[in-house]
Number of protein chains: 4
Amino acid sequence: MSDGFLQIASTLTSIARGFHSRGWLVGTSGNLSAVVDREPLRLAVTPSGVDKGEFSPAQVLLTDEQSRVVSDHLAKPSDESPLHVRIVKEHGAGAVIHTHSIWNTILSDRHAGDGGLGIEGYEMLKGLQGVKTHQHREWLPIIENSQDMLALAESISDTLGKNKDAHGILLRGHGLYSWGRDLLQAKRHVEILEFLLEVLGRSILINGN
Amino acid sequence: MSDGFLQIASTLTSIARGFHSRGWLVGTSGNLSAVVDREPLRLAVTPSGVDKGEFSPAQVLLTDEQSRVVSDHLAKPSDESPLHVRIVKEHGAGAVIHTHSIWNTILSDRHAGDGGLGIEGYEMLKGLQGVKTHQHREWLPIIENSQDMLALAESISDTLGKNKDAHGILLRGHGLYSWGRDLLQAKRHVEILEFLLEVLGRSILINGN
Amino acid sequence: MSDGFLQIASTLTSIARGFHSRGWLVGTSGNLSAVVDREPLRLAVTPSGVDKGEFSPAQVLLTDEQSRVVSDHLAKPSDESPLHVRIVKEHGAGAVIHTHSIWNTILSDRHAGDGGLGIEGYEMLKGLQGVKTHQHREWLPIIENSQDMLALAESISDTLGKNKDAHGILLRGHGLYSWGRDLLQAKRHVEILEFLLEVLGRSILINGN
Amino acid sequence: MSDGFLQIASTLTSIARGFHSRGWLVGTSGNLSAVVDREPLRLAVTPSGVDKGEFSPAQVLLTDEQSRVVSDHLAKPSDESPLHVRIVKEHGAGAVIHTHSIWNTILSDRHAGDGGLGIEGYEMLKGLQGVKTHQHREWLPIIENSQDMLALAESISDTLGKNKDAHGILLRGHGLYSWGRDLLQAKRHVEILEFLLEVLGRSILINGN
């Protein structure tokens, strides 16, 4: 194992445990990944079906472009690993985090018919990479959920191709994918988008639609 | 004490303390159990009236099929122990967890007239044992609460007999019973069902009924 | 200092810190007390204006029936100490805990015109001392707030005289007083009443009045 | 580094980490400062773009009246440092804390048209410096957000000149600034104002406007 992989596994674990305690990785849901090498692609990724509250760095898998495990582990990588690979390769992300929160579940279902959610006017938006003002309008695309990972990967790829500035994408009734140049930026993006989704949800409650 | 019992007592304690901090075992409410042996039945179970936030493995009782304490403890097992025994024997569970949360209390009362709650369309459902798609419809039966433990045990037994695929059951204005092949699976099922109940509750608030 | 006082100061501190982290003792609000001796009355009590999140046992004061400090401390006891003395003397409590939560603040204001709040039908009620069934109706009296501690003490005394079975009392827009035979029972009562107030608040939101 | 600065940096870090875990400093949002010396002005301040959940005292910067770093750090101070300087110089504060919470974001937007929010009738108000009764009416001014820090500083200065008794100020869709004679008092004011904003938000939900 390279030092880079060990460092990434440690950071990934710390984020996973923190997000678990916030209720965003309930049960064994959610997954995280980070690029270890680009050529050939090597991705650190969480295994399938593990409790993120009890997670340790030794459980982080190293996988290749086909999401095959190349580290010395018997565990399977997350079923959604191919989605991580697509976001890393096509959107230039260095890390991808997928969370299931109460508000991303509700709002991704409520606004699916609009194809996405527009968020603007909040200072918090400035925490997203490249955003310079609260007047920015962030469009968070929503795609239909599917159990066909290839179809879902195509759908994500297609949606990201049309939304090159997006910092995240919602899967209907499923959760949020966000990413960043590295794990720390991806973590920041998730925290900000989850905050804004809760602001949006509670604003609808208090102000009406 | 067998190693199996000590290991189970430790895991059970850790889950109890974690769920207490989430607000699901408030006051001295809630109880947990796990099968130590099947023949004859030996169940590790939480004692009656203890604060789960201060709970330690040495307090876990070992009981028999009649919920009599067979370990060297003076404490009484939870009054609801006979319900755990029924779920273990008739539903094949290896562990049972009973939680009182804000949302399971409210929704078990609100939907009692329908005899249960249907939950479908959420990816989170896939964390329930045997569920392969978000299109699954989970039926969470609701039964009337009672202080007559024998009557309540009959009611649970009858309801589970009619809902063999259920992963949990609600007692009206009382709480959630869920279970699994072992404590870790039961914990996962509770986390998922509590998550989905909160999604359902907040969805009703935001979308109307 | 007697061993009894040191033990009580330690338990009181642990409860104060736990409740602070739950958001029930925000800023420097709230106060706790416990009887150390009955004849003459000696009460362990939190000092005025301290942050309960940083609280230590050495800060717990020993006071007499007139709320004068008899331990070797320069700090002043909580301004509301006379209310604690009244509840201890007239209601037979061994410990008193006063919390400010979001829900007790809102509901004590919303239902002040009714003179109190009725709560019934919840299993959680059984955690209150002497309650044997969820069919119990708990009446939580609400009195007007005042900065005149003598008037407030009279009002509490009068209200408790008329509600001998009450486990708590709400001060309008101010907070909850609850009590028990000792600190652990008082803690349990607070946890249960705060749980039930949140259930009530969210039930009103979801079901309408 | 003076002992005073080291002590302040330690307290500031502890508050920052605590508020991060409450969700008030999400992503890398929010900033804190405290006066180390008045003549010439020396301010301890959080650096720009750091995760407050991972923050350590060694990262606290010492800055002058023009928000230039005078300690041995390469990091930039928070972009909003000039706002802290204005509040410290013109309002006599010894410490300033700026938080982004769900409720301050929503309510600062909802009530921007009224120029502020009035809060009265709550005992919790008495935790604000100089407030003696729950009958106090606290006026929390709301100003429009801007990315022009000089304009924003003028706007804050102007608003504080007209509201000399204010304990905090809201920036629309952005967050809360509060302050105190020192960090501990500023912390108390933030906790109280955030509590009252949540009470106000949930009261609107339950009672209608």
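The values are calculated or read from the model by the stated rules, or taken from the named source; none is laboratory data. All figures in this text were calculated on a predicted structure; none of them were measured in a lab. As a convention, Cβ positions derive from the backbone with ideal geometry for all residues, glycine included, and neighbour counts pool all protein chains shown. Just the protein is used for accessible areas: all its heavy atoms, side chains included, with ligands, DNA and RNA removed. Shrake-Rupley method; radii C 1.70, N 1.55, O 1.52, S 1.80 Å.
Taking the numbered list (1) within 14 Å of chain C (Cβ to nearest Cβ); (2) surrounded by 15 or more Cβ atoms within 10 Å (Cβ to Cβ); (3) farther than 20 Å from D:Q147 by Cα in turn, D:S101 passes all entries but (3). Set side by side, the residues B:D72, B:D114 differ, and just one is away from every other protein chain (no Cβ under 14 Å), farther than 21 Å from B:L152 by Cα and either surrounded by fewer than 20 Cβ atoms within 10 Å (Cβ to Cβ) or at pLDDT 95 or above (or both), which is B:D72. The set of residues from region D:69-89 being under 15 Å from the mean Cα position of the chain (by Cα) and not aliphatic (A, V, I, L, M) comprises D:S78, D:D79, D:E80, D:S81, D:P82, D:H84, D:R86, D:K89. Checking each residue in region D:171-183 for being within 26 Å of A:F195 (Cβ to Cβ), away from chain A (no Cβ under 13 Å) and not aliphatic (A, V, I, L, M) picks out D:S178, D:W179, D:G180. Output the residues belonging to region D:86-97 that are touching a Ser or Thr at 6+ places or on another chain (Cβ under 7 Å) and farther than 22 Å from D:S10 by Cβ. D:R86, D:E90, listed by residue number. For D:M124, the criteria (1) buried (at least 22 other Cβ atoms within 10 Å of the Cβ); (2) within 16 Å of the chain's Cα centre (by Cα); (3) not in a loop (DSSP other than H, G, I, E, B) hold in every case but one, which is (2).
Restricting region A:184-209 to residues that are over 21 Å from D:G201 (Cα atoms) and open to solvent by 10 Å² or more (accessible area, probe 1.4 Å), which is nearest to the other protein chains (Cβ to nearest Cβ)? Checking each candidate, the answer is A:R188. Can you confirm whether C:L25 is aliphatic (A, V, I, L, M) and open to solvent by less than 40 Å² (accessible area, probe 1.4 Å)? Answer is yes for this residue.
Yes or no: D:Q185 of a type outside the set (D, E, K, R) and within 25 Å of D:L62 (Cα to Cα)? Spelling it out, D:Q185 is indeed of a type outside the set (D, E, K, R) and within 25 Å of D:L62 (Cα to Cα).
One residue alone among D:V36, D:V85, D:V96 is assigned to a helix (DSSP H, G or I) and modelled with pLDDT of 95 or more, and that residue is D:V85. Of the residues making up region A:136-170, those that are surrounded by 14 or more Cβ atoms within 10 Å (Cβ to Cβ) and within 14 Å of chain D (Cβ to nearest Cβ) number 4. Within region D:164-207, the set of residues being within 24 Å of D:R38 (Cα to Cα), part of a helix (DSSP H, G or I) and aliphatic (A, V, I, L, M) comprises D:L183, D:L184, D:A186, D:V190.
Output the residues belonging to region B:50-68 that are within 28 Å of B:E154 (Cβ to Cβ) and open to solvent by less than 50 Å² (accessible area, probe 1.4 Å).
B:V50, B:K52, B:V60, B:L61, B:L62, B:T63, B:D64, B:S67, listed by residue number.
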